[in-house]
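Q: So that we are looking at the same thing, I have put the structure below in structure tokens.
Nothing in this text is a laboratory measurement; each read-out follows from the coordinates by a stated rule. Because the structure is a prediction, the values reported are computed rather than measured. A quick note on method: Cβ atoms are made from the backbone with ideal geometry, for glycine too, and the neighbour counts reach across all protein chains shown.
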Amino acid sequence: MTAVRAAPPTGVPASVLERYEPVIGIEVHCQLRTASKMFCGCSTDYDGAPPNTHTCPVCLGLPGALPTINRLAVEHVLTTGLAIDATIAATTRWERKNYFYPDLPKGYQISQYAIPLAAAGRLTFGTSGGDVTVGITRAHLEEDTAKLVHATTPDGRKVSLVDFNRSGAPLMEIVTEPDVRSAEAARRYAEELQLLLRAIGVSNADMERGQMRVEANVSLRPRGTEAFGTRVEVKNMNSFRSVERAVNFEIERQAAALDAGQPLVQETRGWDDGRGSTYQMRLKETSEDYRYFPEPDLPPLKVDAVWLDEVRARLAELPTARRSRYTSELGLSAYDAAVIVADPAMSAAFSAVLASDPSLPPKEVANLVAGDYGRAAKEIQERTPDGLVGRSSAAELAELLRRVAAGELSRANAKEVLGEHVRSGEAVSGIVAARGFRQISDASALSDVVDEVLAANPAAVGDYRAGKPQAVGFLVGQVMKATRGQANAGVVQAALRERLDRPAGDA
Amino acid sequence: MIDLTRLHAHEMARLLRHGDVTARELTEAHLALAERQNRALNAWLTIDRDRALAEADAADARLAAARAEGARAVDALHPILGIPIALKDLVSVAGGKATAGSRILDGYRAPYDAHITERLRDAGAVILGKTNMDEFAMGSSTEHSAYGPTANPWALDRVPGGSSGGSAAAVAAFHAPVSIGTDTGGSIRQPAALCGIVGLKPTYGRVSRYGIVAFASSLDQIGPFARNARDAAALLHAVAGRDERDSTSAPVSVPDELLSLPAADDEAAGWLRGKRLGLPREYFVAGMEPQVEHRVRAAVAALEAAGARVDEVSLPHTDYGLATYYIVAPAEASANLARYDGIRYGPRLGNGTVLENYLATRGRGFGPEVKRRIMLGTYALSAGYYDAYYLKAQKVRTLIKQDFDRLWLEGFDALVAPTSPTVAFPFGAKMADPVSMYLSDACTLPVNMAGLPGISVPCGLADGLPVGLQFIGAAWSELELFHLSRAYEAITAGADWRGLEPADLARADDPGTPTPAERAGVLSAS
């Protein structure tokens, strides 16, 4: 039994959660980061390409075509399995999942059924109610389907078009145990999984681009009972926010139905983000019979210890380990550690800056990376080859921090220099020289400016003396403005207080 | 002037090298005969004269270039260079049709070459066209072709066997010296037997299946037909070997000795001395025609007389071969044939919902035997039946394989057995009773279930119709099987039936002769 202590999710009345316990399992499909498709040599770089330009006899399901295994895709699932502490199958096999649909060219999907590559793993993540661990039933490999486009021709006929570019792209399916107990935990699971998949480099896991597709199986049971309620599968959630909203909606919808004595039906429902509600897609009265059987075109795949060790040796540091290292070894707060680890650009910058100058205080580096640098990361899409924002370099970021620490550069100026450096990649020394930035920390040099500001702002001075000490902040700002940000804010504040605290009339 | 169509492929190869004949002359001669007789035989679904002549000219150019370069360059040419060949119509040839004998692939043109097509091009073979077959290779008579049955050159009102009936009949009728077939349960060996020629089903994994329209993936193998062992061996050599695109093709080297089987009968017969052959008693099945058994036993006696030691052996799970085959093969076929939905290629019938179009396209595109097997396979894989049928059949398959393995461990070099329990049967004789048709493969399909190589060679006539003798070997022992076959040819070189040509070839030449479809129609109406 896993400990799941979720805070009351927003949106669901506490009265509902007092009576019903949500039971949620999550299925995630993610496209793996490989150059070629799962069973053929076609490129996976088809985003934005004209329809049916990334195809071959294999992914079109032509007569006589045969699949061959993409080894990197297998390694990605092995990597994921190791990262979620799963058991890796020593020998796995491929199976055919049979069903007819125009987006499935062979009439079957090559997937894994009886023996997934990875089984019995877990993932731990933080929620507002504390850490939650969710059991992961399995992670397996399969191929993606083609894309159906429903369109109307110029003469008004409704047609369905098939684009086979996506057909046969490698897809990993990760299925949890029904361990999730709240919409927030569902969202957090998805967020943490995305972070993990990106950290280990197996998937870009972009939800909006369909690289990570989340489905939730939601049911309710009366508090204190064991038996599962009727399960509803919710699809079409293309953001983390919509995962949380959709699950909350389902919890409320199901609770209302149960309260009204209406039986729930096993069904698949789609999330309509605009309306903020789910709608019925199809009933699941009988479980579909996919007639799975071992794929005769592919021999069973052996995962020997040597191969697995190679994969393990290449495994990147996991987010959990990194967070714990940042707090325990580097002394960051849990909050800072979580913020930095959650963002690959921040994470990359943090480690690179520290590596470039280990003498820098980690807390200072964290402040820079999570602060102004983090904001730049949200605005600038460009990344250096080592994952830093814009054209920034770790050595220059370290230089910036050293100048601030040495009192050569005010924090206000440092922010400008950072912005410029990230955009242009120019050296910090060059930017500082070009702009003529020099921090003024000499109180006597600031004395005239301080006096001018006090004289020009009698209202603020009055407020301060009337017992509003926060008025000093406004005055500091005025001094900074007058010095183009070069004044040492600490020195300015001390000088201001010194003047303001003198008996009235001396100023 | 010699009739070029009566030459063996290895004789053609020698004449080509010496410049005594050109590939174009060989091709013209075979095309003319095929075009003349195809009305009566319906062995061919496509005869591609233009493509064949272009390939023949290319082969002549290669020959000329090699001769100019010297003897070593000529020796380096593959013996199949310039040799006319027929391909079963489930082999993909870029730009050409590949119907697999089915309406559902009507109009489909393969946009790519099968692996074996590439290999044949590399070797320089001249592809004359594509041959008739039972729809999706499901059948033992070629009567299940959507394009009408093929006639047996030995008796035009009889079947050539199947499913590779067109490829067998074409070689028996001298339309080509060699051809390609596929064998899932006997589809090369049984028509070879019924048409009086040589046909080999290689070890599973020996020849890449890439580009071959699939029937049952774990059983399908591609193999050669020829009128003698040496030609069949040379053709196997040209197409066999590992192909990265077929994960089930094995990284096992292909022996070059396939190209140097003994030409002299004395040397060839010597191979038999001291060989230990097993004669599986279960292969003399109930319903076997006495004349067939008589011919096979006579052949066994001849082998013994030539120095082989033959012991009766038992393959105790043989009886289960047919039942398990008809679970495994249809199960795989039910999935393999799911792609024929009219969406991407082939006729799309119906003008309604996706489901209505599926039902119309597949309902009218597939023939009754194919539908029967799709239903069998779908049922066997259904939830609740999978364990009882498919899983059980796979376990029995292991037992069948172990029967053979035990004999190899006991030191047998090969097994000798009948190929087919009967000679060629009349059109319509088994169409009403699928199980009697299925029994045609009782002696061949256990070999597919075990993944082993098997070869059928002619061993005489019964009432004027050919009888086949089957040699079965351990995995990868094709060379051994060809040596045995060549030895058997040598020790029977003087037999009265050896030089006989198929009795009905003269009638096949007659433009007034009815087509096989007309013939079959008359027979089924009577």
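Q: Do you know the relative contact order of chain A, to the nearest whole percent, from alpha carbon pairs under 8 angstrom that are 6+ apart?
A: About 13 percent, as a whole number.
Q: Taking loop as defined by DSSP and a crowding limit of 10 other beta carbons within 10 Å, which GluC sites (Glu not before Pro) in the range A:236-300 fit?
A: Answer in residue order: A:E285, A:E288.
Q: For the range A:443-500, take every pair of Cα atoms, bin their distances at 10 Å starting from 0, and report each bin as a whole percent.
A: Pairs per bin, as whole percents: 26, 62, 13.
Q: If you take every DSSP beta bridge whose two residues both sit in chain B, what share of them, in percent to the nearest 5, is antiparallel?
A: Looking only at bridges with both residues in chain B, the antiparallel portion is about 65 percent.
Q: From largest to smallest, what semi-axes in whole angstrom does the range B:228-269 give when each is the square root of 5 times an eigenvalue of its alpha carbon gyration tensor?
A: Ellipsoid semi-axes (Å, largest first): 27, 9, 6.
Q: Further, regarding this structure: Please list B:400-408, A:179-187, B:345-353 highest first by mean number of surrounding beta-carbon atoms within 10 Å per residue.
A: Going by the mean number of other Cβ atoms within 10 Å, highest first, we get A:179-187, B:400-408, B:345-353.
Q: Once Rh for the range A:58-175 is found with the Kirkwood sum over Cα pairs, what is the Stokes-Einstein diffusion coefficient at 20 °C and 1.002 mPa s, in µm²/s?
A: 130
Q: What is the pair-distance distribution P(r) of the range B:296-441, computed from all Cα-Cα distances in 5 Å bins starting at 0, with each bin given as a whole percent?
A: The calculated distribution, bin by bin, is 2, 8, 12, 13, 14, 14, 12, 9, 6, 4, 3, 2, 1, 0.
Q: Assign unit charges at the C-beta atoms only (+1 for Lys and Arg, -1 for Asp and Glu), then state the dipole size of the range B:356-448 relative to its Cα centre in Debye, rounded to the nearest 20.
A: My answer is approximately 380 debye.
Q: Sticking with this one: Give the shape of the range B:142-239 as rounded, prolate or oblate, defined through the alpha-carbon gyration tensor: a ≥ b ≥ c are the square roots of its eigenvalues, a/c under 1.5 means rounded, and otherwise the shape is prolate if a/b is larger than b/c and oblate if not.
A: Oblate.
Q: A follow-up question, please. If eta is 0.890 mPa s and T is 25 °C, what Stokes-Einstein diffusion coefficient results for the range A:317-435, Kirkwood Rh from Cα pairs, in µm²/s?
A: D = 174 µm²/s.
Q: Binned at 20 Å from 0, what are the whole-percent values of the Cα-Cα distance distribution for chain B, short to long?
A: 24, 59, 16, 0
Q: So for the protein assembly as shown, considering every pair of alpha-carbon atoms, how many percent are separated by more than 56 Å?
A: Summing the P(r) of the protein assembly as shown above 56 Å gives 34 percent of all pairs.
Q: Taking a ≥ b ≥ c as the square roots of the Cα gyration tensor eigenvalues, with a/c under 1.5 meaning rounded and otherwise prolate when a/b beats b/c, else oblate, which class fits chain A?
A: Prolate, since a/c reaches 1.5 and a/b exceeds b/c.
Q: Projected area of the range B:99-195, taken from the Cα convex hull and averaged over every viewing direction, in nm²?
A: 6.2
Q: Could you tell me the center-to-center distance, by alpha carbons, between the range A:236-309 and the range B:260-338 in angstrom?
A: 54
Q: What number do you get for the range A:14-305 when its Cα radius of gyration is normalised by 2.2 N^0.38 Å, N = residues?
A: Against the compact-globule rule of thumb, the ratio is 1.04.
Q: Summarise the partner chain shielding of B:344-350 as one whole number: the mean count of Cβ atoms from other chains within 10 Å of each residue's Cβ.
A: Mean partner-chain Cβ count within 10 Å for B:344-350: 2.
Q: Which values of log₁₀ I(q)/I(0), to two decimal places, follow from the Debye formula for the range A:210-270 at q = 0.13, 0.14, 0.25 Å⁻¹ with a uniform point scatterer at every Cα?
A: The computed values of log10 I(q)/I(0) come out as -0.36, -0.41, -1.06.
Q: Determine the relative contact order of the range A:39-190: mean sequence separation of Cα pairs under 8 Å and six or more apart, normalised by residue count, in whole percent.
A: Answer for the range A:39-190 is 23 percent.
Q: Which lysines have a Cα less than 29 Å from the Cα of B:K275, not counting those fewer than 8 places away in the same chain?
A: B:K201, B:K401
Q: While we're looking at this one, here's another question. Mind checking which of B:M431, B:L15, B:T444 is farthest towards the positive end of chain B's charge dipole, using Cβ charges of +1 (Lys, Arg) and -1 (Asp, Glu) about the Cα centre?
A: Projecting each Cα onto the dipole axis, the largest value belongs to B:M431.
Q: Are there GluC sites (Glu not before Pro) in the range A:381-429 that DSSP puts in a loop and that have at most 13 other Cβ atoms within 10 Å, and which ones?
A: Answer in residue order: A:E382.
Q: For the range B:58-143, what size does the Cα cloud have along each of its three principal axes, sorted from largest down, in whole Å?
A: Per principal axis, max minus min of the Cα coordinates gives 49, 27, 17 Å.
Q: Please report, in debye to the nearest 20, how large the charge dipole of chain B is about its Cα centre when each Lys and Arg carries +1 at its beta carbon and each Asp and Glu carries -1 there.
A: 1000
Q: Using a Förster distance of 41 Å, how high is the FRET efficiency between A:A260 and A:D289, based on the Cβ-Cβ distance and rounded to 0.05?
A: 0.75
Q: Go through the range B:255-291 and name the trypsin sites (Lys or Arg not before Pro) that are in a DSSP coil and have 13 or fewer other Cβ atoms within 10 Å of their Cβ.
A: Within the range B:255-291, the qualifying trypsin sites (Lys or Arg not before Pro) (loop, at most 13 other Cβ atoms within 10 Å) are B:R273.
Q: Return an integer: the convex hull volume of the alpha-carbon atoms of the range A:205-311, in Å³ per residue.
A: Expressed per residue, the convex hull around the Cα atoms of the range A:205-311 is 209 Å³.
Q: Next question. I'd like the per residue volume of the convex hull spanned by the Cα atoms of the range A:322-370, given in cubic angstrom.
A: Hull volume over Cα atoms, normalised by residue count, gives 60 Å³.
Q: I would also like to ask the following. Could you tell me the calculated FRET efficiency between A:L308 and A:L148, based on Cβ-Cβ distance and R0 = 51 angstrom, to the nearest 0.05?
A: 0.85
Q: Which three lengths, in whole Å and largest first, does the range B:16-167 cover when its Cα atoms are put on their principal axes?
A: Answer, in whole Å and largest first: 50, 34, 23 Å.
Q: Assign unit charges at the C-beta atoms only (+1 for Lys and Arg, -1 for Asp and Glu), then state the dipole size of the range A:317-435 relative to its Cα centre in Debye, rounded to the nearest 20.
A: Its charge dipole is roughly 200 debye.
Q: For the range B:418-526, what number results from the quotient of the Cα radius of gyration and 2.2 N^0.38 Å?
A: The reported ratio for this selection is 1.31.
Q: Only helical DSSP H runs with n ≥ 4 go in: add -39500 (n - 2.57) per run for the protein assembly as shown, normalise by residue count and round the 222 nm mean residue ellipticity to 500 deg cm²/dmol.
A: -12000 deg cm²/dmol
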